[in-house]
Amino acid sequence: LLARIADLDEERIADVLDGAERAALIVPAGGGPGRFAFHHLLIGHTLYEHLGAARRARLHRRVGEALEELAGASPGPRAAEIARHWVEASPPDPERALRYAELAGRHALREIDPAAALRWLEQALELHGPGEDRRRCSLLIGLGVAQRKHGDAGFRETLLEAARLGRRLEEPKLLVRAAIENTRGFVSDAGEVDTERVAMLEAALEAVGGEDSRERAVLLGMLASELTFAPDRGPRVAAADEALALARRLGDPRTL
């Protein structure tokens, strides 16, 4: 990596690293020979702050380009590292910064790290801006899932916003996904009906159509749950019965 970004050949870089190691500025790191870490975080912080802002931004771009080349099409755990450099890079490349922030957020979700997912998906939405399109809707769904997994009650409104956007965009798959993700497995409001969530569930049911599917069964089950405190129990029982019958027809134990 250093050979790709520094104006030095590999022999000169090796000499510099040897000197830094003898001076106890760096220590060998895991992952094989040629990998080092600063002996103390303050050393790296001090060296970084010693650089001027313009030079730091140019170096961020060079490191981002080098890491991107090394990581290839599937950066996996390196997505966050690459994203950080593109966010700070100059000249800026907003599309690259957005792409890697989104990849970092989704990787963090897969790795069950909702705090990191929240941070990167919020960054991705900021980079995306207010424009309404499929990408923004998908990012909102990811953010809502991260909020839910992190215990942030804001997930409800984020996923409602995503569902409304999916409906406006006439994207049934995004609408249905946003509606299904918008639950912790129990009724959202004790003692009353969450009319906004019910409206989105009904919209998602309309979008998914009348054919047998796992999505339709899950949506019907969620609707029955949300109608727990409705004064008329008929629609709730009907939704629950239909959900169970559908799941049995599908032969899917998990859905049932």
Segment 96-174: C-alpha gyration tensor shape, a/c 1.5 cut-off, then a/b vs b/c: oblate
Value of relative contact order over segment 65-116, rounded to a whole percent, pairs C-alpha under 8 Å and six or more apart: 33 percent
Cα-based shape type of the chain, given that a ≥ b ≥ c are square roots of the gyration tensor eigenvalues and the cut on a/c is 1.5: prolate
Loop sites in segment 61-150: GluC sites (Glu not before Pro), DSSP, at most 15 other Cβ within 10 Å: 111, 132
Listed residues 105, 32, 185, most fluctuating in the chain (Gaussian network, C-alpha, under 10 Å): 32
Fully extended contour minus Cα-Cα distance, from residue 55 to residue 23, at 0.36 nm per residue: 9.0 nm
Reference-scaled alpha-carbon Rg (2.2 N^0.38 Å with N residues) for segment 142-256: 1.02
Accessible-area order (highest first, 1.4 angstrom probe) of the listed residues 152, 15: 15, 152
Whole-number percent relative contact order across the chain, with pairs defined as alpha carbons under 8 Å at least 6 apart: 9 percent
Alpha carbon centroid spacing (whole Å) that separates segment 175-248 from segment 120-155: 23 Å
Low-density loop cleavage sites - trypsin sites (Lys or Arg not before Pro) in segment 1-75, where at most 16 other Cβ are within 10 Å (DSSP): 35
Segment 15-133 shape via C-alpha gyration tensor axes, a/c threshold 1.5: prolate
Two-site FRET efficiency, residue 256 against residue 233, from Cβ-Cβ distance with R₀ of 22 Å, rounded to 0.05: 0.50
With Cα atoms, 0 to 90° folded angle of helix 214-226 axis to the chain main axis: 70 degrees
Ellipticity estimate at 222 nm from DSSP helix runs (n ≥ 4, -39,500 (n - 2.57)) divided over the chain, nearest 500: -21500 deg cm²/dmol
On Cα atoms only, tilt of 53-71 relative to the major axis of the chain in degrees: 70 degrees
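The values are calculated or read from the model by the stated rules, or taken from the named source; none is laboratory data. Only a predicted model underlies this, so the values are computations on that prediction, with no experimental measurement involved. Here Cβ is always computed from backbone atoms with ideal geometry, including for glycine, and neighbour counts include all displayed protein chains. We work out accessible area using only protein heavy atoms, side chains counted, and drop any ligands, DNA or RNA first. Shrake-Rupley method; radii C 1.70, N 1.55, O 1.52, S 1.80 Å.
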